[in-house]
Amino acid sequence: KLPSIVDTVIVSAFAGAFSIAVTYPLHIIHACYVKNISFQTFMARNGFFRGVRPLALSQIPAVTVELIGYNIMRDMFPDSEKNFATLLTMSIIAKMTGESFAHPLKLVSKKIAFSGGSGMRSTAATIIQKNGPMGLFKGVQYRYMKAFISVIAAKLAAAKLSPD
């Protein structure tokens with residue numbers, strides 16, 4: 001028996017959140033390097049795992065919207081129209097939509113980690129107060145570019161490895 005969409009969403013969201021928690025130190029080290037901040041300075045100001053909670057929680061809307069959106073779109077098309085290009089387009093749309101829902105939490109995570117935000121709600125409120133509600137989507141276009149490239153790479157690799 002195949003797992004239900006609910007089972008898949010729960011397992012995928014948990015796996016994504018776990019993966020973020022495990023790799024978060026690498027994320028912080030990379031961000032310090034990019035921002036030209038010494039690791040010691042970052043640790044003195046912020047602490048190592050500040051911002052990990054909203055980043056891990058961002059997996060819930062990202063995975064939920066992506067998987068459910070993809071399944072809804074896939075079910076709308078008859079099997080005869082489900083070619084590689086159609087499925088690729090559905091995957092890209094689903095991934096970008098998931099990123100749209102997850103981006104505010106990812107942005108809040110960055111603000112907590114690097115700008116000294118105190119908590120998720122207060123950091124989100126500060127962003128909205130300074131930039132309006134659309135401030136929560138600042139930089140989302142870069143997530144779209146990353147999503148576009150990663151989906152294409154994954155689908156091409158899957159097609160190449162598929163025995164069909």
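Since every read-out is calculated from the coordinates, none of them should be taken as a lab result. Just so it is clear, the structure is predicted and the values come from calculations on it, not from any experiment. Cβ placement follows ideal geometry from the backbone for every residue including glycine, while neighbour counts extend to all protein chains displayed.
What spacing in nm lies between the two simple spin-label points modelled at residue 21 and residue 145, each 7 Å away from Cα in the Cβ direction?
So the two model labels end up 3.3 nm from each other.
Could you give each residue of region 16-27 its phi-based ³J(HN,Hα) in whole Hz, using Karplus coefficients 6.51, -1.76, 1.60 with θ = phi - 60°, and x for Gly or Pro?
Residue by residue, region 16-27 yields x, 5, 4, 4, 5, 4, 6, 8, 3, x, 5, 4 Hz.
For region 43-99, what is the relative contact order in percent, using Cα pairs closer than 8 Å and at least 6 residues apart in sequence?
48 percent
Between 149, 92, 28, where does the largest GNM mean-square fluctuation fall for the chain, given springs only between Cα atoms within less than 10 Å?
Fluctuation is largest for 149.
If the convex hull of the alpha-carbon atoms of region 1-83 is projected onto planes in all directions, what is the mean projected area in square nanometres?
Numbers: hull surface 31.1 nm².
Averaging across all directions leaves 7.8 nm² for the Cα convex hull.
What relative contact order, as a whole-number percentage, does region 5-161 give when Cα pairs under 8 Å and 6 or more residues apart are counted?
Relative contact order comes out at 24 percent.
By how many degrees, 0 to 90 and rounded to 10, does the Cα axis of helix 84-115 deviate from the longest principal axis of the chain?
10 degrees
Rounded to the nearest Å, what's the spacing between the alpha carbon centres of region 28-45 and region 59-104? Just the number, please.
Each part's Cα centre sits 35 Å from the other's.
Taking loop as defined by DSSP and a crowding limit of 16 other beta carbons within 10 Å, which trypsin sites (Lys or Arg not before Pro) in region 62-164 fit?
82, 138
Which whole-number value in Å³ per residue fits the convex hull of the alpha carbons of region 104-162?
It comes to 95 Å³ per residue, whole-number rounded.
Apply 1/(1 + (r/R0)^6) to the Cβ-Cβ distance of residue 79 and residue 45, taking R0 = 41 Å, and write down the FRET efficiency to the nearest 0.05.
Computed FRET efficiency for residue 79 and residue 45: 0.15.
Which one is right for this structure if Cα extents along the principal axes in Å is calculated from it: (i) 42, 34, 33; (ii) 58, 34, 30; (iii) 70, 33, 25?
(ii)
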